[in-house]
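Worksheet: the structure to be examined is printed underneath.
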Amino acid sequence: MDGTFNENDLSRVVEADRAHIWHHLIQHKPFETNDPRIIVEGKGMRVWDQKGKEHLDAVSGGVWTVNVGYGRESICKAVYDQLMKLCYFANTAGSIPGSNFAEMLIDKMPGMSRVYYTNSGSEANEKAFKMIRQIAHKKYGGKKTKILYRDRDYHGSTLATMSAGGQDERTAQYGPFAPDFVRVPHCMEYRKHELDGAPEENFGEWAANQIEEVILREGPDTVGALCLEPVTAGGGVIEAPEGYWPRVQEICKKYDVLLHIDEVVCGVGRTGTWFGYQQYGIKPDFVTMAKGVASGYAAIACMVTTEEVFDMFKDDASDPMSYFRDISTFGGCTAGPAAAVENMRIIQDENLLQNCVDMGDRMMGNLQALMEKHKVIGDVRGKGLFLGAELVADRGSKEPVDEKQAQAVVADCMAQGVIIGVTNRSIPSRNNTLCFSPALIATADDIDQITDAVDGALGRVFG
Ligand SMILES: Cc1ncc(COP(=O)(O)O)c(C=O)c1O
């Protein structure tokens, strides 16, 4: 587990990859002349590629996932033992790890009560959408089917979640989309000048009031739910400004709109609390989670809701259509909850929420220091170990840097052996935010190595 393998052994892997693999989210033309990157091993915060090169991973597996780091023997053992005992049975029946994880999870989510297992974040969001639609039929005579989503937020790659997609470069060319998904404006303080009528003061409350305007325009009797990320991830690492969440909560209550919080990125520790919504006193009706639930050791996602919602689906047992008529085949895999139990135990026993807060503060401090030094950094923001640095050509106008320059910073860090991220094919001409999400086990030295690499890269790319 230290990158000491023979590069030649892997040449066939590289060739097979080039010949047969269709990678996620990238253009493949460059692979006609360059080798694809193969990640071979991982330990702690570090991974090794096919050339044996070591990388410090500042993005937890590329997409905010490996929260407890690589090579955790106890998770692998828990998964192995569970698979030997029982690998699978459809979730029409229960399982030991399924019950154990649900109990642990609900203990961390006061007010919530029911866990629905699925196997991806998109699918978890779809389950909530389906429940919201069914509630519209059961309770409101087929009205209140509309689901509001926010500009810059992302909820997945399926057609329904793309219908709720606030990132136009992700959705372009994939329409037409499902009806009754309606967009509300973003709440990004740094770019409020791009929103018509946004005030200098009390922007948070104003941004929330824009949601009320949309509800009134659409008709409150048509709007069933509002789906939001607690901190927007791929849309630019955006924390809502003060005043936003209390007002959102009031609006939902006033118009009988269910609040669906997408914790696929923030969930299970990323911001320094178990869930992002717990940072802001939000009381959700649905919470969806995926990436950090088992840190990528097994595929698992969950849709969690309240007893009140659950009760609506068992109200009339004599009506064969009244319950939630839905299944996710791999929601019955036992490896996911077995890994999730051990993942959560590690976060608890190793005090990783506190480490996330401490290392997040350190990283934020380092990024603020870089902002003093490099005028290309227009804004740094985020929560816990979920941070972003937006690069601008001019601090006054906030004109973003060319996306190629932002990508050059990422490439320079990669050459230094540090993997960082950048918003990618997300908002047109706004893919200019560097993203950092190291594992919750990061040490002060790891954090400094990451920000030192960014310092060097910014110096080289921007002079
Ligand atoms: C906020 C958010 N929701 C949902 C998803 C979709 O999750 P998955 O890729 O597991 O379907 C993502 C993926 O990046 C995400 O960032």
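With Rh defined as the Kirkwood radius, the inverse of the mean 1/r over Cα pairs, the Rg/Rh of segment 152-224 is 1.01.
Note on Trp274: accessible area is roughly 30 Å² with a 1.4 Å probe, heavy atoms of protein only. Relative contact order of segment 74-349, taken over Cα pairs closer than 8 Å and 6 or more residues apart, is 29 percent. A 1.4 Å probe run over segment 74-349, with the rest of the protein chains in place, finds 41 Å² accessible per residue. A DSSP coil position with no more than 10 other Cβ atoms inside 10 Å describes none of the GluC sites (Glu not before Pro) in segment 302-383. Taking 0.692 mPa s as the viscosity and 37 °C as the temperature, the Stokes-Einstein diffusion coefficient of segment 74-349 based on its alpha-carbon Kirkwood radius rounds to 170 µm²/s.
Considering only DSSP beta bridges where both residues belong to the chain, give the percentage that are antiparallel (nearest 5). Roughly 65 percent of the DSSP beta bridges within the chain come out antiparallel. The charge dipole of segment 74-349, taken about its Cα centre with unit charges on the Cβ of Lys, Arg, Asp and Glu (plus for the first two, minus for the last two), comes to roughly 720 debye. Helical content of the chain, expressed as a calculated mean residue ellipticity at 222 nm, amounts to -11500 deg cm²/dmol (DSSP H runs of 4 or more residues, -39,500 (n - 2.57) each, divided by residue number, nearest 500).
What whole number of Å gives the distance from the Cα centroid of segment 385-463 to the Cα centroid of segment 223-294? Here the answer is 25 Å between Cα centres. Of the accessible area of segment 74-349, computed with a 1.4 Å probe over protein heavy atoms only, carbon and sulfur atoms account for 54 percent. Using every pair of separate Cα atoms, the Kirkwood estimate puts the hydrodynamic radius of segment 310-408 at 18.4 angstrom. Straight-distance candidates among the lysines for linking to Lys51, with alpha-carbon spacing under 28 Å and chain neighbours fewer than 8 residues away dropped: Lys29, Lys43, Lys291, Lys404.
Coordinate range of the alpha-carbon atoms in the chain per principal axis, descending: 65, 60, 43 Å. Across all directions, the shadow cast by the convex hull of segment 118-253 built on its C-alpha atoms averages 8.5 square nanometres. Considering all C-alpha pairs of segment 29-137, those separated by over 20 Å amount to 65%.
The values are calculated or read from the model by the stated rules, or taken from the named source; none is laboratory data. This structure is a prediction, so every number in the text was calculated from the model and none was measured. We place every Cβ from the backbone using ideal geometry, glycine too, and count neighbours over all the protein chains shown. Just so you know, the surface numbers come from the protein's heavy atoms only, side chains and all, with ligands and any DNA or RNA stripped out. Shrake-Rupley method; radii C 1.70, N 1.55, O 1.52, S 1.80 Å.
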